Structure formats: structure tokens, C-alpha cells
Amino acid sequence: MQRRDVLKAAATTAAFGGLARPALAQGSQVLRFVPQANLANPDPIWTSATVAFIHGYMIWDTLYGLDEKLMPQPQMAAGHEESADGLTFTITLRDGLKFTDGEPVRARDCVQSILRWSKRNPMGGTLMARCNELVALDDKRLQFRMKKRFPITAYVLGGEGCFIMPERIAKTDAFTMVTEYVGSGPYRFLKDEWVSGASAAYARNNGYIPRQEAPSMWAGGKVAYFDRVEWKIIPDPATASAALQRGEVDWWENPLPDLVPQLRKAPGLKTEVLDPLGALGVVRFNHLHPPFNNIKLRQALLPGMDQNECITAAFGDLAGELGRTGAGFFTSGSPYANDAGMAALNGKRDLALTRKLVAESGYKGEEVVLMSPTDQPLLQAMCQVVADYFKKAGLNVRYESMDWGTLVARRAKKEPPAQGGWNVFCTTWAGLATSNPGSTQILRGNGLDGWFGWATMPQMEALRDAWFDAPDLAAQQKIARDMQLLAFEQVPVLPSGMYFTPTAYRSNLTGVIKSGVALMWGVKRV
């Protein structure tokens, strides 16, 4: 019996009463949600983990939000005024904004939140680098005073997770997690009920005043229809599947692909892909320590990297439906996806060449610590393929399994692997984030200030800056091609394909919003 058959059998048995019934809250006003991973780090500024981003949208609001057409719309902002020369951008807050501690949201809260966020976010960092000063004019107005025009200010504030926190909390160093969760969004985080590895709970924020527009992705009216939202961490896919089929939970964010055909046939359930942009899979190297501080070794791994093997391992029989090979360093289908240098990934895979190049690279047999998350089946499958490939390529691999929360904490360590650090991990990035040179973190080359792995690529940073100044789309696309060519030379990551992960929920839920992350507003039970 194969692994996939075992899982399917276990899920079927569980669905018909073979598993103990979890002690989950019942009632029509409670939404019960199984997230993709444990909420170990609830600060979406400190970590780029998607589960923290989902949590962020639960409890904090943003000044702007992107709609389904990826256009920025006012959210906490009532609107803005931009000077004719583009050097001042003044935002006015809408009336009635309050934090969950009862304090009004003031412009100075927004200023401090933007400053903290910008220290960790690539687009935010560029915005502030081009800003002479960001000031609160009064309680309702904040103003960017620019060195040069930055016409995408509203897009950056609306599309990059710039969550608005109280000033005193936002003064926390950007490289230190916050410990208070006073929100500005549609739900309140019930910190006293949070048990990392088990559960998290949220209550409707009765002081939140939604906008009047219909919801559209991260924009519009964020109406909380449930009194409570309960997150249940269920790492075992068979248990999660059974709980969903029995109605003990309402929504399973990322069902195991092996179980999707069964869930599609189950009465009372609906499965769909909510994010048309998908996610770009990458194998991320630690550039600080041997052996992957050696550019020749990173280059040596290109000829044998097989995206099809990663996608097939992740999706099985659904690989043709839910995966896409031929992915470069930008989201497939985006205006900046291009074919520059793609022969390195699209040509015939050549393991013999890889082994030869590894031997010639100067690799000295150093141990390669590969971190693999036990509670993220898609990433675990990708890690297993990569570990096997690296071993066949001649690398000395140590495969270390851990839950995603532990991996997220460990990947922040800059110490050598022998001192608790790491060498490589696999992940996916939301297609929106990797769709353009400005927002993608996998192509940042700003060293210790960059994304985990800390690649240093000054030429890449220069190209990125040039992209922001490019006069038109054609010029921007030319720069994107140059960036991709440089990426094939520097190899900050290995792209492992595009992934379109379905979600599954009870069919009596309506209003589930199309988005790259699960959103809890607008959802109600009928």
C-alpha cells in the first residue's frame, strides 16, 4: 500500500466515526477554522509566515487595501491628496476608527506603524528611502514628504501588509516580536485563549466600523458575521479531513492534495482554489555560511533541479491541475514573468552535469542542514525531493524535521548550523508578492537586512531601484529580464514551480473571499 493510499484510507475511516470527536465549540455564531500551520509567531511584521499574515488581517486594518483587480482602495483612509509635483502625499483618516482598547486611531499611530513595517518590508523600505519625512499633521492627517515622486504609495500601503497598531506597540523594534495585540480590525485576538500548537481564538470587534462598499479581496467592507472565530491546529491530515466531513470544523485552509478528490465527493463540502495567482515555490539557501556561500555550488545545482518532481510529490494525481512547471523568478503569468535564462530550468535535466559541477565547485563535503516542516505536507514533499536531489548531487545532507513554527523561528538565526542555524529550507511565496521586482523578497540583495538567507547582491539592488524609476512598462519589463538573468548567475534561490493550493469548507458558508490568504470577514453561515 502506498503512502497516499494509507492517507485516503485513514481519512475515510475517520470520517465514519473512527476518530475521537474533538472538543470544538459548537453554535451557528462560531466559525471553526483549521489553518495551514501553527500560529507560533503572531507578529506579521517580524515574520513573513503566511499564517501570521492571516492573523494580521483578522485583528488589524490597513490604510489602503488591494481589490480583486489589484488596485488600491481607501480602507482606514478616507482618501488622500497628492501635490501637483508628486512630492507630498497627504492621507486623511476616516471617522470612527478605534483600537480594541477603546482609544481612537490617530495619525501618529499610523506613522509609527509605517516606520516599523518599512524596516522589514522591501516595498515599504523603498517608500521610506524616497521620503524626506513622514509626519502626523494632526490626529486625522499624516503626510509623506518625498525626495522624488513615488506614484505607487497607495498600492504599497495596501498590498504589503502595513497593519496599523497603536503607537506605543509600533515602537517595538522591527526585529523583535510584539507581545501586545491591540487591534484595529474586524476581530479581537483573545490572547488568553491562545495555545501555540493547539488553538487560537478571536471575537468580533464590536467597536469596528466597516466601510460601506462590498468586500473585494483586501478592500471594501470588512464585516464580521461571527461572534467568534476559533482556529484549531490539526497537523494530521486524516484527522482534519474527518473533522471537516463531520461538521466539527467549518473550513480547512490547505487540505492535503491526496484527500481533495475524496473531499470533492463528500456531501456538504466545497473545494476551490481562491488565489488565481498561486504561489511560487523556492528552495532558499543560507548565503552567510558554507557551503552555500559558494556561488559556484549554488550554480552547480541548476542543471538537475526538476520542478516537475517537486510538483508531483506535492500534488500526486492532481499535479497537472494544481501545479505548473517552467516557473522562473517571477510569478508565472505576471507582466514581469519572462524567458530570460530559463534554459537553465527548462532544458533536459542533467544530474551527471550537476555532480560534475558540484565536484568542481570547491565543495568540501560540509554538512547541509535542510529544515523540513512536518505540519506542511506540500513543503515537506518538496523538501523530500530536494534532499534526495542534493544527495544524488553529492551533497552531505542532514534532513531535520520540525513543525513550521519551529522552522520559522530557526530560520531567523544567523548563527552557523553547528550553533543552531541552518543551510536550506523550502517554502512558497504568494504569487502577488513575487509578481514584480519591487515586492519580491527572493530577489533582494540587501544582505543582513534582507529576507532569511541574507543574500548580498548589490547589482540586483541597483536594478530594483532602477525599476521604480522606469518611465513605462516596457522599460520595467526590460529591467525584470536583467534581474532574472542576474538571478540565474547569483542563484539566491532555486525556483521549484508554481503551486495552486485548494481550500475546503462546508457548503453552508457563503461569502468566502478570493484572496491569496484566508480572510474571515464577509463569511457567513446560511
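The values are calculated or read from the model by the stated rules, or taken from the named source; none is laboratory data. Here the structure is a predicted model, which is why all the values come from computation and not from measurement. We place every Cβ from the backbone using ideal geometry, glycine too, and count neighbours over all the protein chains shown.
Here Met165 qualifies as outside any helix (DSSP H, G or I) and surrounded by 18 or more Cβ atoms within 10 Å (Cβ to Cβ). Against the test of being crowded, with 23+ Cβ neighbours inside 10 Å, in contact (Cβ under 8 Å) with a residue 12 or more places away in the chain and part of a strand (DSSP E or B), the options Val249, Val283 yield a single qualifying residue, Val283. Checked against (1) crowded, with 22+ Cβ neighbours inside 10 Å; (2) modelled with pLDDT under 95; (3) among the hydroxyl-bearing types (Ser, Thr, Tyr), Tyr389 passes all but a single condition, namely (2).
One line per residue, one yes/no per condition, for (1) under 18 Å from Trp521 (Cβ atoms); (2) of a type in the set (A, V, I, L, M):
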{"position": "Trp46", "(1), (2)": "no, no"}
{"position": "Phe53", "(1), (2)": "yes, no"}
{"position": "Gly56", "(1), (2)": "yes, no"}
{"position": "Ala84", "(1), (2)": "no, yes"}
{"position": "Phe89", "(1), (2)": "no, no"}
{"position": "Trp117", "(1), (2)": "no, no"}
{"position": "Thr126", "(1), (2)": "no, no"}
{"position": "Val135", "(1), (2)": "no, yes"}
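Residue-level analysis places Trp429 outside the set of residues that are crowded, with 17+ Cβ neighbours inside 10 Å, touching a residue at least 24 places away in the same chain (Cβ under 8 Å) and farther than 30 Å from Gly333 by Cα. Take the conditions (1) surrounded by fewer than 18 Cβ atoms within 10 Å (Cβ to Cβ); (2) in contact with an Asp or Glu (Cβ under 6 Å, 6 or more places away or on another chain); (3) part of a helix (DSSP H, G or I); Arg145 misses just one of them, which is (3).
Applying a threshold of 6 Å to beta carbon distances and a minimum spacing of six or more residues, or different chains, the list of pairs starting in the range 157-168 at a residue that is in contact (Cβ under 8 Å) with a residue 40 or more places away in the chain and ending at one that is among the small types (Gly, Ala, Ser) and not in a helix (DSSP H, G or I) reads Gly158/Gly65; Ile164/Ser184. In contact with a strand residue (DSSP E or B) (Cβ under 9 Å, 6 or more places away or on another chain) and on the phi < 0 side of the Ramachandran plot: does that describe Gly65? So Gly65 fits the description; yes. Which of the residues that make up the range 136-175 are over 15 Å from Asn121 (Cβ atoms) and modelled with pLDDT under 95? Lys148, Arg149, Pro151, listed by residue number. Can you find even one residue in the range 453-460 that is free of Cβ contacts under 8 Å to residues at least 24 places away in the same chain, surrounded by fewer than 19 Cβ atoms within 10 Å (Cβ to Cβ) and assigned by TED's automatic domain parsing to the domain that holds Ser334? Checked against the condition, which is being free of Cβ contacts under 8 Å to residues at least 24 places away in the same chain, surrounded by fewer than 19 Cβ atoms within 10 Å (Cβ to Cβ) and assigned by TED's automatic domain parsing to the domain that holds Ser334, the range 453-460 yields at least one hit. Put simply, of Val424, Val408 the only residue that is touching a residue at least 40 places away in the same chain (Cβ under 8 Å), out of contact with any strand residue (DSSP E or B) (no Cβ under 8 Å at 6 or more places or on another chain), closer than 30 Å to Ala198 by Cβ and surrounded by 23 or more Cβ atoms within 10 Å (Cβ to Cβ) is Val408.
Among the residues of the range 371-381, is there at least one that is surrounded by fewer than 20 Cβ atoms within 10 Å (Cβ to Cβ), at pLDDT below 95 and within 21 Å of Asp43 (Cα to Cα)? Scanning the range 371-381, I find no residue that is surrounded by fewer than 20 Cβ atoms within 10 Å (Cβ to Cβ), at pLDDT below 95 and within 21 Å of Asp43 (Cα to Cα), so the answer is no. Any residue that is assigned to a strand (DSSP E or B), free of Cβ contacts under 8 Å to residues at least 60 places away in the same chain and either within 25 Å of the chain's Cα centre (by Cα) or buried (at least 17 other Cβ atoms within 10 Å of the Cβ) (or both) - is there at least one of those in the range 189-200? The answer is yes; a qualifying residue exists. Scanning the range 254-278 for residues that are part of a loop (DSSP other than H, G, I, E, B) and more than 16 Å from Leu378 (Cα to Cα) turns up Ala266, Pro267, Gly268, Leu274, Asp275, Pro276, Leu277. A single member of Ala487, Ala480, Ala504 is part of a strand (DSSP E or B), surrounded by 18 or more Cβ atoms within 10 Å (Cβ to Cβ) and more than 17 Å from the chain's Cα centre (by Cα), and it is Ala504.
Take the conditions (1) in contact with an Asp or Glu (Cβ under 6 Å, 6 or more places away or on another chain); (2) modelled with pLDDT of 95 or more; (3) not acidic (Asp, Glu); Met123 misses just one of them, which is (2). Against the numbered list (1) in a helix (DSSP H, G or I); (2) surrounded by 13 or more Cβ atoms within 10 Å (Cβ to Cβ); (3) hydrophobic (A, V, I, L, M, F, W, C); (4) modelled with pLDDT under 95, Ile114 comes up short only at (4). Looking across the range 126-142, the residues that are surrounded by fewer than 22 Cβ atoms within 10 Å (Cβ to Cβ) and either without any contact (Cβ under 8 Å) to a residue 12 or more places away in the chain or more than 18 Å from Ser439 (Cβ to Cβ) (or both) come down to Ala129, Asn132, Glu133, Leu134, Val135, Ala136, Leu137, Asp138, Asp139, Lys140, Arg141.
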